[in-house]
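**Student:** Please find one structure pasted underneath; my questions will follow.
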Amino acid sequence: MVAFTVTAACIDFKDRSCVAACPVDCIYEGDRCLYIHPDECIGCGACESVCPVEAIWRVDIVPDELAAFVEDNRRFFVESGLGTPGGAAVVGPVRYDTALVATYPVRP
């Protein structure tokens, strides 16, 4: 199974169409970006097809310039203390972002 990851285009955008489309509730909301839990994602691609800014990529085909977001997406769940909670709806928005996202230039 190949998981998906969220990349730079989601920062400060967070459309949430992907959250509604996800059948397993594995997309979590940080302060400035959404994050896909790599262990909860079933690789169905429903999120990718509805993202209006093409921020979601299969981890095995992420362009080189966005490759840092694959590990960063995993890091979110470790550093935030979430671990594997079993669904974003149970957790709600998390007041945290990884260093990569938190230091990204703010978009208007």
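Just so it is clear, none of the values below were taken in a lab; they were calculated from the coordinates. Quick caveat, the model's predicted, so the values are computed rather than measured. No Cβ is skipped: glycine too gets one built from the backbone with ideal geometry, and neighbour counts run over all protein chains shown.
**Student:** Lys and Arg at +1, Asp and Glu at -1: add these up for the other residues within a Cβ distance under 13 Å of Ile42 and post the number.
**Tutor:** Within the 13 Å Cβ shell, the charges total -3.
**Student:** Something else now. Using a cut-off of 12 Å between beta-carbons, work out the net charge of the residues near Pro52 (Lys and Arg +1, Asp and Glu -1, Pro52 not included).
**Tutor:** -1
**Student:** Report, as a whole number in µm² per second, the diffusion coefficient that Stokes-Einstein gives for region 4-92 at 10 °C and 1.306 mPa s using the Kirkwood radius over alpha carbon pairs.
**Tutor:** Once the numbers are plugged in, D ends up at 125 µm²/s.
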